[in-house]
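Scroll down for the structure; my scribbles are underneath it.
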Amino acid sequence: MTANPPLFQFDNSYARDLPGFYVAWEGAKVPAPQMILFNQALAESLGLEADALNSGQGADVFAGVSAPDGASPLAQVYAGHQFGGFSPQLGDGRALLLGEILDASGTRKDIQLKGSGPTPFSRGGDGKAVVGPVLREYVMGEAMHALGIPTTRALAAVATGETIYRESPKPGAVLTRVAASHLRVGTFQFFAARGETEKVRQLADYAIARHDPDLAETPDRYLSMFRRVVERQAALVARWVLVGFVHGVMNTDNTTISGETIDYGPCAFIDAFDPAAVFSSIDHGGRYAFGRQPAILQWNLARLAEAMLALFNPDDLDNAVDLASAALGRFPDLYKAAWLAGMREKLGLATVAEEDEALFEDLLALMQAQGADYTLSFRHLGAAATGSPSAFRDLFVDPTAVDPWLDQWRERRAREAETDDQVKTRMDSVNPLYIPRNHKVEEALQAAEDGDYTPVKTLLDVLSRPFDERPGLERYSEPAPSSFGPYQTFCGT
Ligand code: AMP
Ligand code: MG
């Protein structure tokens, strides 16, 4: 008889290399783990034993009830600025890093459970998660991945059979998430705030080994690492803005070193273009409004710079501040360049012209004044490239208001070599038709809470191919009807 292969080939560098940065811990027992969703495609791309995992045994593992062979479950410690105020002690209050694997291409990935019970970092919370928010993170993360945006991903969602008391009784659930790492700005802040410079250095060396190994032997590696984080995060937030995504809770503990989107709580996509759009029920001041995200990201990166300062120049802190400021000062230009490049693609432009920024801003101003749906405006502009502007124009309250802009855009495009058909094809490959529309997400999550998982599965299928128009899916492309009302999201703990 041959033994079954292990479910995961773990290689746990965090547990091994960073004692003192976590607490070894176990998941809570729950009554009846049951698989809700299993991400077959992701499992295969990670080189996992997909069939063995998509099973009762897998459900136990993903509920945190039984640790798989080779796991070293642990809760990571971190701090963070939440809505601008510093919390010196956060950490995995309801999550466990099971371990790390090397995916099919040899890239190291964290396998983490979220909702697996209380830990020493729970701060009075119950350590649990419930079906709605777990599936929201699953759906939003997979949607972002399909849109080509760096993100943590969902491997599985299990129901636990427990009733969890929030504002009302809710079905309990656990999410299994896969991440390039769970290193956060807040991880650095935790040790920096305690004056533990050697631990900040140890963490930075670990981060470099994991995310920027080419820097490992270079003389200014800590500053170079910080510059890389600035570059990754500038590119990431540009992608959010280009696609109309509002993260909703951009605390420094939710800002990664890897450049992946993480911690989908009260996030949502905008319908009409509105820089002031806020969906989170707790974001009263609009700190994390759609249009403020780049500025907030830069603020978060300033907190990372502060935490790493002693590494930039241990002998001369004034000089360290100058170095950090220069590195951080690149953020606005990096962001702007990424946004302009993305907008050119969205508008089907292949070359760079001086007046492009004004052209983009004029379109956004028209969309805002005329209540045009953000996603559909870009998508339908593709048809305008081949002489069918009516779907685009009809998105504006007064379609004639956008005609002068259309003329300008046509003149701008006329200076480029591509045919209209080529332009439309390219535009359709970057402008999604299907995004997680707020009312469709709510509908799917509500059904799941009531025990019907079919709508969330259908939604995931739609969102897995956001750029391919498919007959029968029209209602997934439409913005929320006005009867849906103003949308509010909740943090989902
Ligand atoms: P989040 O808002 O999800 O990014 O979480 C912020 C902090 O609160 C993290 O330290 C979480 O681990 C912790 N937390 C959130 N929800 C719970 C919960 N239900 N029980 C314990 N800790 C929690
Ligand atoms: Mg978080």
Handout entry: Mean projected area (nm²) of the alpha-carbon convex hull when the stretch 3-159 is viewed from all directions
Key = 10.3 nm²
Handout entry: Whole-percent pair-distance distribution, where bins are 5 Å wide, for the alpha carbons of the stretch 205-315
Key = 2, 12, 21, 22, 16, 11, 8, 6, 3, 0, 0
Practice task
For Lys199, Lys29, Lys457, give the ranking by accessible area with the largest first, probe 1.4 Å.
Solution key: Lys29, Lys457, Lys199
Problem - Solvent-free Debye scattering, log10 I(q)/I(0), computed from the Cα coordinates of the stretch 271-337 at q = 0.14, 0.18, 0.20 Å⁻¹ - result: -0.56, -0.75, -0.83
Handout entry: Cα centroid of the stretch 378-452 to Cα centroid of the stretch 42-63, whole Å
Key = 38 Å
Practice task
Would you calculate a helix-derived [θ] at 222 nm for the chain, using -39,500 (n - 2.57) for each DSSP H run of n ≥ 4 and dividing by the full residue count, to the nearest 500?
Solution key: -13000 deg cm²/dmol
Completion exercise
The lysines whose Cα lies under 24 Å from the Cα of Lys199, excluding any fewer than 8 residues away in the same chain, are Lys109
Completion exercise
Given pairs Lys29/Lys114; Lys114/Lys170; Lys114/Lys457; Lys346/Lys457; Lys170/Lys440; Lys114/Lys346 and cut-off 25 Å on Cα-Cα distance, the over-length ones are Lys346/Lys457; Lys114/Lys346
Practice task
Report the equivalent ellipsoid semi-axes for the chain in whole Å, largest first, defined as the square roots of five times the eigenvalues of the gyration tensor built from alpha carbon atoms.
Solution key: 37, 29, 21
Fill in the blank from the handout: Expressed in square angstrom to the nearest 10, the accessible area of Asp318 with a 1.4 Å probe stands at 120 Å²
Practice task
Considering Cα pairs under 8 angstrom that are at least six residues apart, work out the relative contact order of the chain and quote it in whole percent.
Solution key: 14 percent
Handout entry: Alpha-carbon centroids, the stretch 456-485 and the stretch 285-342: separation in whole Å
Key = 36 Å
Fill in the blank from the handout: For Ser325 and Glu231, extending 7 Å from Cα along the Cα-Cβ vector and measuring point to point gives, in nm, a value of 2.4 nm
Completion exercise
Note to self: C-alpha centroids of the stretch 175-215 and the stretch 74-103 sit apart, in Å, by 11 Å
Completion exercise
Simple spin-label estimate for Asp315/Thr425, 7 Å along Cα→Cβ, in nm, reads 6.0 nm
Exercise for the section: Can you bin the stretch 337-478 into rounded, prolate or oblate? Criterion: square roots of the alpha carbon gyration tensor eigenvalues sorted a ≥ b ≥ c, rounded for a/c under 1.5, prolate for a/b above b/c, oblate for the rest. Expected result: prolate
Problem - Which of Glu306, Glu100 is most accessible, then next, and so on - probe 1.4 Å - result: Glu306, Glu100
Problem - Projected label distance in nm at Arg470 and Ala365, using a 7 Å step from Cα toward the beta-carbon - result: 4.0 nm
Fill in the blank from the handout: If unit charges are put on Cβ atoms (+1 for Lys and Arg, -1 for Asp and Glu) and the dipole of the chain is taken about its Cα centre, the option from Tyr487, Gly172, Ala143 lying farthest towards the positive end turns out to be Gly172
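The values are calculated or read from the model by the stated rules, or taken from the named source; none is laboratory data. None of the values given here were measured: they were computed from a predicted structure. Glycine gets a Cβ as well: all are built from the backbone with ideal geometry, and neighbour counts include every protein chain shown. These accessible areas exclude ligands, DNA and RNA; they are computed on the full protein's heavy atoms, side chains included. Shrake-Rupley method; radii C 1.70, N 1.55, O 1.52, S 1.80 Å.
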